[in-house]
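K.L.:
Structure below; questions to follow.
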Amino acid sequence: MTVESTAARKPRRSAGTKKSPSTASKPELVQLLTPEGKRVKNAQYDKYVAGITPEELRGLYRDMVLTRRFDAEATSLQRQGELGLWASLLGQEAAQIGSGRATREDDYVFPTYREHGVAWCRGVDPTNLLGMFRGVNNGGWDPNGNNFHLYTIVIGSQALHATGYAMGVAKDGADSAVVAYFGDGASSQGDVSEAFNFAAVYNAPVVFFCQNNQWAISESNEKQTRVPLYQRAQGFGFPGVRVDGNDVLASLAVTRWALERARRGEGPALIEAWTYRMGAHTTSDDPTRYRHDDERQAWEAKDPILRLRRFLESSNHADEGFFAELEDESEALGKRVRDAVRAMPDPDHFAIFENVYADGHALVDEERAQFAAYQASFADGMGA
């Protein structure tokens, strides 16, 4: 069964602005759990979660709760000056946990800089995600240790990296698959379209997973596309699906479908996870300047964690003891992350000027000198 998406109210358009087809029409999306926690049937995708056990459902819930707790702690640490920046995933837990748990150990994942839930699923210790945001390393984990590439800051480039890697996987004759994560804003980058074309032409075993969280910083989804994003796949010759990205079961099922067909040699697929960024784009952003409070409130009613909790409770798959134990585990994780970050060294303020040019550059030398003078200007030494 598919249901129509409900478009949240957008900021007021200026006079003469045409309404895009992506908002005028209401494309169908795959949904297995309603916001009220009711299970709905889907003839095509039910089989991909047919054998899921109560223990596995509790595991998905645990994944989302702990990922949200980690994310909240990282946001607080940035506000306290322990991190230079943080990109929150608040509201996108179901899209990430569902898709992340659909991958096999031998699959390879190319993330952006917000896939903290996917990193969790791939076995990357959450404390390893924070070194880059503190400025003390360039990643913090071995990409080949978990088949999870380092975070990519350049918007959209990882789609090409994933496609090239997938082409290599196919040439090697392996039956594994590759996943490329990106957002609705990145879909406007040329690198993503080039990746689609190469993947289609070479039948690469890659799944393009677009988390459409409605906002590319301050640009709304309607300014990214004239058609629903998942329909772009048709122009390149491979299937596209829109899934309810706040439904962890649907995200799991659709991603399993796409990965299985990729491993069988049937080529790429595009998944558009229809979700919402509940917080700021990063901690340097103020979303109250470009979107309405009632839009967020409408999406809060679709909260992915509350949705699964309602299903667990109504199905008698979890009791209060489970939720209480998880709350304790969540607090313990927050403390572990907090202690780990505060034990990290302070970043080298001048490292940013290193390795810009192999043989040095006069302009970089000038900027380094200017920055050194600025640092020295702090009377209390706080700039050092």
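The values are calculated or read from the model by the stated rules, or taken from the named source; none is laboratory data. Everything numeric in this text was worked out from a predicted model, so none of it was measured. Every residue, glycine as well, gets a Cβ built from its backbone with ideal geometry; the counts of neighbours run over all protein chains shown. In case anyone asks, the SASA skips ligands and DNA or RNA and just uses the protein heavy atoms, side chains included. Shrake-Rupley method; radii C 1.70, N 1.55, O 1.52, S 1.80 Å.
K.L.:
Can you tell me which of Leu259, Leu249 is surrounded by 22 or more Cβ atoms within 10 Å (Cβ to Cβ), modelled with pLDDT of 95 or more and over 25 Å from Ala170 (Cα atoms)?
P.N.:
Working: Leu259 fails: over 25 Å from Ala170 (Cα atoms).
Testing whether each residue is surrounded by 22 or more Cβ atoms within 10 Å (Cβ to Cβ), modelled with pLDDT of 95 or more and over 25 Å from Ala170 (Cα atoms) leaves just Leu249.
K.L.:
So Asn137 clears everything in (1) within 30 Å of Leu77 (Cα to Cα); (2) in a loop (DSSP other than H, G, I, E, B); (3) of a type outside the set (Asp, Glu); (4) open to solvent by less than 50 Å² (accessible area, probe 1.4 Å) except one condition, right? Which one?
P.N.:
That leaves (4) as the condition not met.
K.L.:
Just checking, which of Asp125, Asp106 is without any contact (Cβ under 8 Å) to a residue 60 or more places away in the chain, farther than 15 Å from Leu60 by Cα and open to solvent by 10 Å² or more (accessible area, probe 1.4 Å)?
P.N.:
Details: Asp106 fails: without any contact (Cβ under 8 Å) to a residue 60 or more places away in the chain.
Sole residue among the options that is without any contact (Cβ under 8 Å) to a residue 60 or more places away in the chain, farther than 15 Å from Leu60 by Cα and open to solvent by 10 Å² or more (accessible area, probe 1.4 Å): Asp125.
K.L.:
Considering only helices (runs of 4 or more DSSP H) fully contained in the stretch 32-128, which possess at least 1 residues that are of a type in the set (Ser, Thr, Tyr)? It would help to see each step written out before you state the result.
P.N.:
Details: elements: 54-79, 93-102, 116-121.
Qualifying helices (runs of 4 or more DSSP H): 54-79, 93-102.
K.L.:
Another question, if that's okay. Arg277 versus (1) among the basic types (Lys, Arg); (2) touching a Leu at 6+ places or on another chain (Cβ under 8 Å); (3) not in a loop (DSSP other than H, G, I, E, B): which is the lone unmet condition?
P.N.:
(3)
K.L.:
Restricting to the stretch 164-214, and then to whatever is assigned to a helix (DSSP H, G or I) and acidic (Asp, Glu), can you tell me which residue is least open to solvent (accessible area, probe 1.4 Å)?
P.N.:
So in the stretch 164-214, the residues assigned to a helix (DSSP H, G or I) come out as 164-172, 186-188, 190-201.
If we keep only those that are acidic (Asp, Glu) as well, we get 172, 191, 194.
Working: Asp172: 131, Asp191: 48, Glu194: 93 Å².
Per the stated criteria, the residue is Asp191.
K.L.:
Give me the pairs: first residue in the stretch 201-214 and free of Cβ contacts under 8 Å to residues at least 60 places away in the same chain, second residue open to solvent by 10 Å² or more (accessible area, probe 1.4 Å), beta-carbon distance under 9 Å, and six or more apart or on different chains, which are they?
P.N.:
What qualifies is Val201/Phe236; Val201/Gly237; Tyr202/Met167; Tyr202/Ala170.
K.L.:
Right, something else. Output yes when any residue across the stretch 85-92 is free of Cβ contacts under 8 Å to residues at least 40 places away in the same chain and open to solvent by 10 Å² or more (accessible area, probe 1.4 Å), and no when none is.
P.N.:
no
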